[in-house]
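What follows draws every value from the coordinates through simple rules; no lab data is involved. Fair warning: this is a prediction, and the values are worked out from it, not measured in the lab. Every residue, glycine as well, gets a Cβ built from its backbone with ideal geometry; the counts of neighbours run over all protein chains shown.
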Amino acid sequence: MTINEGVIRRALQKADAVDRDDILTAVEAYRTCAAAARKLAGNPALRSQCQQVLECAVFCEKKLAAYAVSGRLAALQFPEAVLPGAHIVLSIEW
């Protein structure tokens, strides 16, 4: 999956102080899921996990694109109906 930098740029340019943290979170999730999908793509045993992070990346890209157009941020919670019980934990260590 290729990151759409234009979508990220437009969303960040439109972000106001109220939405900035949520937009940055969506950008980080988008980049993280896309990178994970690229790494998992070569491993057939992890096909299901690859599909999940790919769907997450697409979800985040759509949310950012919609925000860039409307200036309104829809809920960032990944829909339960798509992957029941699934969640992604983002951990950053310094």
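If the label point is 7 Å along Cα→Cβ of V18, which residues in the stretch 42-76 have backbone nitrogen under 17 Å from it?
67-76
Could you check the simple spin-label distance between R72 and R9, using points 7 Å along Cα→Cβ, in nm with one decimal?
Between R72 and R9, the simple spin-label model gives 2.7 nm.
Cut-off is 10 Å between beta-carbons; in what order do V58, V69, V7, V18 appear when sorted fewest neighbours first? Before the final figure, lay out each step's value.
Numbers: V58 15, V69 12, V7 21, V18 8.
So the residues, fewest neighbours to most, are V18, V69, V58, V7.
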